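Here's the structure, in structure tokens; my notes come after.
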Amino acid sequence: MAEITGDKAPLPPPPAPSTSGEVPQSSSSSTPTSTDSKPPLRTTKPGVKRLVLTASVLLSFLVGLPILLKSTEIHRSPLPSDAITALAHRLHSNPPSFPCGLHAVFLRADPSPFDASLPGHLERSISAQLQLLPAAHTAGNVSVSVTVESAGGCSSSISVGSGWQCGTVTAADLARGDEVFDELLHSALGSGGRDGSRVYTVVVAEIDDAEGMRVVVGKHRHAWVVGKVDEAKAVTAIGNVFVKYFMNGGIEEGEAGIGKGEFMPVGSDGNLVLSFSLLNADPSDWVYDWEFEKIGERMLNPVVEALRPIAEINIESQVLYHTPKSSYSYSDDKLGGNVLSMGDIPFFVNSNEWHLDTSISATGRSKVLQFVVYIPSARECPLYLQLPDGVLSKTNAFISPMWGGVLIWNPPDCSLGSKMTHSTQKMSSQELMETLEIFIGQLRQLFGLKPSYLSQHMDMPTKFIVSENGFTEWELDLLYQHHACSNLLSCLTTLESLSSLVHSLPRMIVMDEIGRQVELSLEAANLAQRNATLGMSDSSAGNICNKSKGIG
């Protein structure tokens with residue numbers, strides 16, 4: 001037997017000899033000689049069926065490739081980044097300011113011959129006076145013009161922008177009263193310049209038999225100085241009235257107020273809700289109601305209309321019961337009542353018992369200002385608010401910035417040990433009107449203005465004509481300017497932040513609605529800046545308020 005060694009297979013037997021004498025050839029195809037032999041190569045072309053199948057698969061892939069790429073694409077609405085950068089450069093290089101005009105009118109009683117050079121001389125004196133006084137941060141270029149009118153003639157320094165016409169108003173009209181004279185000036189001057197810009201007018205009326213000088217600031221864009229006029233004092237008074245009141249709203253250096261970093265209590269969507277609440281601390285003592293819908297809204301509607309360029313204001317009212325205060329008061333026999341110190345005011349509002357946030361108009365990013373009338377219980381009535389200097393508050397009220405105001409109202413028959421009445425009583429119309437007047441003063445404070453100018457004084461007696469809508473025309477100018485500037489800068493900050501965020505995240509989805517809102521905000525900002533350069537502050541405030549509500 002043959003022996004098998006290792007893994008080698010036995011050799012095949014040798015082929016039989018051919019009878020024809022030919023040596024037989026070995027066929028690799030029929031008899032494989034090794035396990036590593038490759039499969040035979042195809043010698044014929046593929047069939048038509050295989051070609052069609054391959055082509056259809058390739059075609060399907062090419063057709064579906066765009067759909068695949070579109071389905072996995074990140075949608076990014078294009079943002080006007082270059083326009084945002086250009087707006088930022090303009091605002092940083094030229095901060096928003098509102099140019100205006102100052103027109104001084106001198107009604108002289110001097111019968112001497114008219115001096116044609118006097119208007120130009122007075123104009124230079126007033127311009128020099130304005131350079132010495134601190135200007136408001138929103139004040140732009142101030143164009144000064146002077147008109148001198150006397151029995152000898154009437155002349156102006158330059159072509160003034162106001163609608164003043166010589167002989168329309170005279171010093172004799174002052175005898176009809178300050179309120180009548182205020183309306184006469186308004187009818188003669190109008191609300192602004194011929195080009196729509198703001199022009200403030202200060203009239204100097206000479207009265208020889210008057211003792212000294214006095215200043216009256218009207219409820220429109222004008223004031224007047226009356227008395228035995230000294231030219232130097234008149235120039236100083238004109239500059240002080242224009243800068244201190246028309247440009248700064250009577251806010252002194254170091255005081256908090258408009259233009260001093262204070263924010264306006266307006267929602268980011270341009271809406272504001274004024275919520276008025278009557279709180280009965282203990283209804284087991286007495287219950288009071290009010291006719292707010294009848295009287296309150298009638299008094300507040302002019303205020304709402306005056307502030308419309310700044311915010312869309314809604315008014316609500318409610319009456320609540322069982323609303324005790326959180327702070328403590330102490331009894332004072334000298335005053336015959338209970339006293340609440342200023343240090344206890346931060347703890348006065350009882351957020352656990354006062355359910356004030358019941359507004360249905362405050363949606364989204366609206367702002368709600370609470371105005372509360374607090375009626376104390378019998379055991380703490382009357383309740384007085386004591387100021388830090390020990391004097392009792394005349395209004396018996398206080399404000400909380402960005403929240404609202406509180407008025408402590410003691411019923412007419414309220415006294416220590418007073419009898420309790422369980423029947424429902426109503427605040428009288430006069431009491432409600434006085435309460436709302438205090439609330440309007442608080443609203444002025446919340447917007448950065450003085451509650452009143454009773455404590456204001458200059459180097460001479462000063463009187464202020466009160467507007468029936470709570471805000472004079474020159475005060476509204478200040479509010480419009482401050483609101484337009486703060487919103488313009490806030491809008492720019494939001495646009496820059498959004499643009500930077502989108503560029504830093506390449507795969508961030510940016511919907512078309514965001515792109516449209518950015519374009520609307522940018523359009524509103526550009527229009528507001530253009531109106532500001534023209535001195536149209538109310539238009540600037542309205543553009544920002546009404547158009548840029550979708551960003552932020």
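Considering L476, L436, which residue is touching an Asp or Glu at 6+ places or on another chain (Cβ under 9 Å) and at pLDDT 90 or above? First the steps, then the outcome.
Working: L436 fails: touching an Asp or Glu at 6+ places or on another chain (Cβ under 9 Å).
Being touching an Asp or Glu at 6+ places or on another chain (Cβ under 9 Å) and at pLDDT 90 or above holds for just one of L476, L436, which is L476.
Checking the stated criteria, G267 turns out to be at pLDDT below 90, over 30 Å from D110 (Cα atoms) and out of contact with any helix residue (DSSP H, G or I) (no Cβ under 8 Å at 6 or more places or on another chain).
Checked against (1) open to solvent by 30 Å² or more (accessible area, probe 1.4 Å); (2) in a helix (DSSP H, G or I); (3) farther than 30 Å from S284 by Cβ; (4) in contact (Cβ under 8 Å) with a residue 60 or more places away in the chain, M433 meets all criteria but (3).
Taking into account only those residues within segment 90-126 that are over 26 Å from T168 (Cα atoms) and among the polar types (S, T, N, Q), which is farthest from the chain's Cα centre (by Cα)?
Going residue by residue through segment 90-126, those that are over 26 Å from T168 (Cα atoms) are 90-99.
Now narrow it down to the ones that are among the polar types (S, T, N, Q): 93-94, 97.
Values: S93: 22, N94: 20, S97: 16 Å.
Selected residue: S93.
Restricting D182, D115 to residues that are out of contact with any Cys (no Cβ under 9 Å at 6 or more places or on another chain), charged (D, E, K, R) and modelled with pLDDT under 80 narrows the list to D115. In segment 506-551, the qualifying residues are those that are open to solvent by 80 Å² or more (accessible area, probe 1.4 Å) and assigned to a loop (DSSP other than H, G, I, E, B), and the one that is modelled with the lowest pLDDT is L534.
Of all the listed residues (V148, V144), the sole one being at pLDDT 80 or above and in contact with a Lys or Arg (Cβ under 7 Å, 6 or more places away or on another chain) is V148.
Could you count how many residues in segment 311-339 are of a type in the set (G, A, S), in a strand (DSSP E or B) and either within 18 Å of W286 (Cα to Cα) or touching a Phe, Trp or Tyr at 6+ places or on another chain (Cβ under 7 Å) (or both)? Quick ask: steps written out before the conclusion?
Quick first cut of segment 311-339, residues of a type in the set (G, A, S) only: 311, 317, 326-327, 329, 331, 336-337.
With the extra rule that they be in a strand (DSSP E or B), the set shrinks to 317, 331, 337.
Next, from what is left, pick out any that are either within 18 Å of W286 (Cα to Cα) or touching a Phe, Trp or Tyr at 6+ places or on another chain (Cβ under 7 Å) (or both): 317, 337.
Number of matching residues: 2.
Looking only at segment 94-116, decide whether some residue is in a helix (DSSP H, G or I), open to solvent by less than 30 Å² (accessible area, probe 1.4 Å) and out of contact with any Lys or Arg (no Cβ under 9 Å at 6 or more places or on another chain). Looking through segment 94-116, none of the residues is in a helix (DSSP H, G or I), open to solvent by less than 30 Å² (accessible area, probe 1.4 Å) and out of contact with any Lys or Arg (no Cβ under 9 Å at 6 or more places or on another chain).
If you go through segment 347-360 one residue at a time, do you hit one that is over 21 Å from A281 (Cβ atoms), surrounded by 13 or more Cβ atoms within 10 Å (Cβ to Cβ) and out of contact with any helix residue (DSSP H, G or I) (no Cβ under 8 Å at 6 or more places or on another chain)? Yes; the residues of segment 347-360 include at least one that is over 21 Å from A281 (Cβ atoms), surrounded by 13 or more Cβ atoms within 10 Å (Cβ to Cβ) and out of contact with any helix residue (DSSP H, G or I) (no Cβ under 8 Å at 6 or more places or on another chain).
The values are calculated or read from the model by the stated rules, or taken from the named source; none is laboratory data. This is a predicted model, so every value here is computed, not measured. Backbone-built Cβ (ideal geometry, glycine too); neighbour counts: all protein chains shown. Calculation scope for accessible area: heavy atoms of the full protein, side chains included, ligands and nucleic acids excluded. Shrake-Rupley method; radii C 1.70, N 1.55, O 1.52, S 1.80 Å.
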